[in-house]
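Notes follow the structure.
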Amino acid sequence: MRIIRRRGWEIPDGQATPEHLVLNRRALMAAAGAGAMLSTEAQAQWLFGGSRGGGATDPWARNPADLADLPQAMRNPRYQPGRALSPERDAVTYNNFYEFGSDKGIWNQAIRMPTRPWTIKVEGMVEQPGEFGVDDLIRRFGLEERVYRLRCVEAWSMTVPWTGFQLSKLLDVVRPQGSARFVRFETAQRPDAMVGLRQSWYPWPHVEGCTIEEAANELAFMPVGLFGKPLPPQNGGPFRVVFPWKYGFKSGKSVARIVVTDQRPKSFWETLQGNEYGFWANVNPEVAHPRWSQATERLIGSGERVPTRLFNGYGDFVANLYAGMNLSQRDLWM
Ligand code: MTE
């Protein structure tokens, strides 16, 4: 089968085929080749998104059990985005979250997922493993607001105010052992809410990872809020990680488990298609994705196309992390 595909920015969002969806088609063909043939209806459901369950119109709708409000948080002026904020509604209704389905409009399915109670287990090579309630962490660390740019590997981006705490604060509590080298982030699996988990050909749970040094970098952040409100599930509520100098897929959502390890984690996308989505995935406009250019990005909301910057413009904070490595190697940018 030959797949005719146009790049996302050549057609309106509503008609665009997300690049990850193209991957789905390949996976479908692989599954079919392996004899796991799906019915036509199931294929259509898979390729073009599941049923939305209908009805919801408010992307900020909260489950009654969830946190109604976030504690006050001051905006940290150290992180200047140099861009206007993305429209709030676009940021909470245009999402990638495969646990809920493979199209951008999963928000009205995702908002049904209760985000309280919610704990995060931190274990592996640490002196003080533990299981922490999200509200306990909020009380313990306090919150700040940071406006970061998020650059998706699909060449769109958004600029949003996250409320949360620096990931290093959590690492300071659990105290990684000297021989630990990596941190692995696992997204929760909530089959009642996450209908995408039924797509059993994906390597659930969603796993992402980074080095200890990257996790300890001041930019690595754990948001619990967005636009001053509790982080909605479609954006990774009740909490997620963000690494603003890396492509967005490195920022795992709705994290339930963190493992500190000496083994390099193999991430969800790396497992599916390692030649396109690697471990480092640092933003570099000069290293094209195998199937499209990364030179520019489309701002969600306005649709304006702007140049992409090395390390997504965060080189002053993170370039030193890679100083000893050969920066020309393609691996660092995939
Ligand atoms: N985390 C999980 N668990 N599942 C996902 O499908 N998608 C990633 C990332 N984190 C994803 C995920 C991708 S590809 C991007 S671009 C960002 O989340 C999108 O975050 P946003 O929806 O808040 O913009």
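The values are calculated or read from the model by the stated rules, or taken from the named source; none is laboratory data. In this text the structure is predicted, and so the values were computed from the model without any measurement. Cβ: placed from backbone, ideal geometry, glycine included. Neighbour counts: every protein chain shown. Accessible surface is based on the protein model in full, side chains and every heavy atom, while ligands, DNA and RNA are left aside. Shrake-Rupley method; radii C 1.70, N 1.55, O 1.52, S 1.80 Å.
Any residue in region 250-265 that is assigned to a helix (DSSP H, G or I) and under 18 Å from T159 (Cα atoms)?
yes
Inspect region 232-241 for any residue being farther than 30 Å from D58 by Cβ and either open to solvent by less than 10 Å² (accessible area, probe 1.4 Å) or part of a helix (DSSP H, G or I) (or both) and give the result as yes or no.
Within region 232-241, not a single residue is farther than 30 Å from D58 by Cβ and either open to solvent by less than 10 Å² (accessible area, probe 1.4 Å) or part of a helix (DSSP H, G or I) (or both).
Checking the condition at pLDDT 95 or above, aliphatic (A, V, I, L, M) and surrounded by 22 or more Cβ atoms within 10 Å (Cβ to Cβ), which residue from V183, V259, V207 passes?
V183
Consider P191 carefully, then state whether it is on the phi < 0 side of the Ramachandran plot, part of a loop (DSSP other than H, G, I, E, B), in contact with a helix residue (DSSP H, G or I) (Cβ under 8 Å, 6 or more places away or on another chain) and surrounded by 20 or more Cβ atoms within 10 Å (Cβ to Cβ).
For P191, the condition - on the phi < 0 side of the Ramachandran plot, part of a loop (DSSP other than H, G, I, E, B), in contact with a helix residue (DSSP H, G or I) (Cβ under 8 Å, 6 or more places away or on another chain) and surrounded by 20 or more Cβ atoms within 10 Å (Cβ to Cβ) - is not met.
Just to be sure, is F249 open to solvent by 10 Å² or more (accessible area, probe 1.4 Å), touching a Cys at 6+ places or on another chain (Cβ under 9 Å) and under 28 Å from P233 (Cβ atoms)?
Against the criterion (open to solvent by 10 Å² or more (accessible area, probe 1.4 Å), touching a Cys at 6+ places or on another chain (Cβ under 9 Å) and under 28 Å from P233 (Cβ atoms)), F249 qualifies.
For V92, which of the numbered conditions (1) within 16 Å of the ligand (Cβ to nearest atom); (2) in a loop (DSSP other than H, G, I, E, B); (3) at pLDDT 95 or above fails to hold?
(2) is the only condition that V92 fails.
Return only the number of the condition from (1) within 13 Å of the ligand (Cβ to nearest atom); (2) under 16 Å from W204 (Cα atoms) that E297 does not satisfy.
(2)
Suppose we filter L321, L327, L272, L332 for residues that are modelled with pLDDT under 95 and not in a loop (DSSP other than H, G, I, E, B); which single one remains?
L332
So in region 95-133, with the set limited to residues that are outside any strand (DSSP E or B) and away from the ligand (no atom under 16 Å from the Cβ), which one is farthest from V259 (Cα to Cα)?
Filtering first and then ranking leaves R112.
For region 148-164, indicate whether the set of residues that are surrounded by fewer than 22 Cβ atoms within 10 Å (Cβ to Cβ) and more than 21 Å from the chain's Cα centre (by Cα) is non-empty.
Checked against the condition, which is being surrounded by fewer than 22 Cβ atoms within 10 Å (Cβ to Cβ) and more than 21 Å from the chain's Cα centre (by Cα), region 148-164 yields no hits at all.
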